[in-house]
Amino acid sequence: MPPLQTLRTRAEPVLRRVFHLYWRFARGMTLGARGLVIDGDGRVFLIKHTYVAGWHLPGGGVEVGESFGEALRRELREEGRIELAGEPELHGVFFNSHVSVRDHVAVYVVRSYVQDRLPEPNREIAACGFFAPDALPDDTTQGTRLRIAEVLQGRPKITTWREPGGGPKT
């Protein structure tokens, strides 16, 4: 395992706790917005952060005074150079208890967008790209896999970000 990845793996639990401790006082409840961005070939856009393991749907926290839609637009622009060209469809709101008992994530399906190019890696995003649903990177998180299966394969929706008691905390 490369040294940077080893450091990130060791630091991730501590960083997650620090961020959520801060958010506990800064926000009454943590809310997030993520986009399941689907291209014309049926592939999904995923990102790999520099500070947490695995591949994820792009998105992030909803700031105080910001709507879910505004947060989604901001995060897609920041993480993927993606500009919405139509209204995203709300897929669902999921309780993300493995992160915090106060965390909820709204997932939107995005089919109408413009992306001039893939973004270059930076301090927040280590990598990104479009992947066929049957060829996702091995370390795609369970919650990400579940949302993709619900939207693209018709799997029944569950109310939690990942299946209770199932798999690693990702």
So which residues in the stretch 88-114 are of a type outside the set (Ser, Thr, Tyr) and free of Cβ contacts under 8 Å to residues at least 40 places away in the same chain? Glu89, Leu90, Val93, Val101, Val114
Of the residues Leu90, Leu46, Leu72, only one is within 21 Å of Asp139 (Cα to Cα) and modelled with pLDDT of 95 or more; which? Leu46
Filtered residues of the stretch 127-155 (kept if out of contact with any Asp or Glu (no Cβ under 9 Å at 6 or more places or on another chain), part of a loop (DSSP other than H, G, I, E, B) and under 11 Å from Leu46 (Cα atoms)): Leu136, Pro137, Thr141
Within the stretch 35-85, the count of residues that are more than 15 Å from the chain's Cα centre (by Cα), among the aliphatic types (A, V, I, L, M) and part of a loop (DSSP other than H, G, I, E, B) comes to 2
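The values are calculated or read from the model by the stated rules, or taken from the named source; none is laboratory data. Owing to the predicted nature of the structure, the values given are computational and were not obtained by experimental measurement. Counting neighbours? That spans all protein chains shown, and the Cβs are built from the backbone with ideal geometry, glycine included.
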